[in-house]
Amino acid sequence: MTASRDPDRRFYGRRHGRRLRPGRRRLMQELLPKLRIAIPESGASLELAALFPGATEFWLEIGFGAGEHLATQAGAHPGIGLIGCEPFVNGVAALLGWIDREGLGNIRIHPGDGRDLLDVLPDASIGRVFFLFPDPWPKTRHARRRLLGGETLAGLARVMKDGAELRLATDDPGQLRWMLEQMSRAPAFRWTARGPGDWRTRPADWPATRYEEKAASQGRASTFLRYARLAR
């Protein structure tokens, strides 16, 4: 897995789970090298048009889990280039399985810390960002481990186009409070909700994730937040 480019930036959490099945090991060896994003050195920016020839727009998911949301979005929007970031090896392998089965050609993968990718994305290049069901790190002393914070939001504000949408979701009350708190301090973004239904009901074009389904099966409600990147 890719190490953090910033020596002062720490990654928290697991990178490996259960041993991969042979089919997924094969995809990691054969398919991932074709889809993996090479992070430029020396301050250069990614050339998104080269990664996605003919794409009309570029979307980003930070922490795609098992990849079901990203894969569904890619299938529904073949003209959009989708970038997924995920440091967890088993999650990357699961997404590769989706790509292989569905024949998806409009996904590229950064199998590492999403902040490293934000560093090299061009200004005002991303039309939509998904940040769904991140690890809540519920203990107060672990708050610094929560990825959605000042550094990440500053990076998102830079790379998102004017009017671009940031989608957040969680089933954890503490994480929800944290998200709302952090977003209230982010002057580049505006919450677009007009009423409770806007955050209690998942929009039709927002596919469910296995995390949401697990939460629902255990009686926990999920919250769906949408923010717009304000004009510069």
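Filter region 136-162 down to residues that are outside any helix (DSSP H, G or I) and surrounded by fewer than 13 Cβ atoms within 10 Å (Cβ to Cβ) and give me whichever is modelled with the lowest pLDDT.
LYS139
On the given criteria, is TYR211 at pLDDT 95 or above, hydroxyl-bearing (Ser, Thr, Tyr) and not in a loop (DSSP other than H, G, I, E, B)?
Criteria not met by TYR211.
Using beta carbons and a limit of 9 Å, which pairs, at least six apart or on different chains, have the first residue in region 104-124 and within 11 Å of LEU35 (Cα to Cα) and the second one surrounded by fewer than 20 Cβ atoms within 10 Å (Cβ to Cβ) and polar (S, T, N, Q)?
HIS110/THR2; PRO111/THR2
Could you tell me whether any residue of region 168-178 is in contact with a helix residue (DSSP H, G or I) (Cβ under 8 Å, 6 or more places away or on another chain), part of a loop (DSSP other than H, G, I, E, B) and either modelled with pLDDT under 95 or not small (Gly, Ala, Ser) (or both)?
Yes: region 168-178 contains one or more residues that are in contact with a helix residue (DSSP H, G or I) (Cβ under 8 Å, 6 or more places away or on another chain), part of a loop (DSSP other than H, G, I, E, B) and either modelled with pLDDT under 95 or not small (Gly, Ala, Ser) (or both).
When ALA228 is evaluated against the numbered criteria (1) surrounded by 16 or more Cβ atoms within 10 Å (Cβ to Cβ); (2) assigned to a loop (DSSP other than H, G, I, E, B), which criterion, by number, is the only one it fails?
(2)
What about GLU165, is it assigned to a strand (DSSP E or B), surrounded by fewer than 19 Cβ atoms within 10 Å (Cβ to Cβ) and modelled with pLDDT of 95 or more?
yes
Any idea which of ALA188, ALA169 is within 19 Å of LEU60 (Cα to Cα) and within 17 Å of the chain's Cα centre (by Cα)?
On the way: ALA188 fails: within 17 Å of the chain's Cα centre (by Cα).
Just one listed residue meets the conditions, ALA169.
Find all pairs meeting these conditions: Cβ atoms under 9 angstrom apart; at least six residues apart or on different chains; first residue within region 218-232 and at positive phi; second residue surrounded by fewer than 16 Cβ atoms within 10 Å (Cβ to Cβ) and part of a loop (DSSP other than H, G, I, E, B).
Listed by first residue and then by second, the contacts come to nothing, as the list is empty.
Residues of region 64-112 being surrounded by fewer than 24 Cβ atoms within 10 Å (Cβ to Cβ) and of a type in the set (Asp, Glu), which ones?
GLU68, ASP100, GLU102, listed by residue number.
The values are calculated or read from the model by the stated rules, or taken from the named source; none is laboratory data. Remember, predicted model here, so these are calculated numbers, not experimental data. FYI the Cβ positions are ideal-geometry reconstructions off the backbone, even for glycines, and counts take in every protein chain you see.
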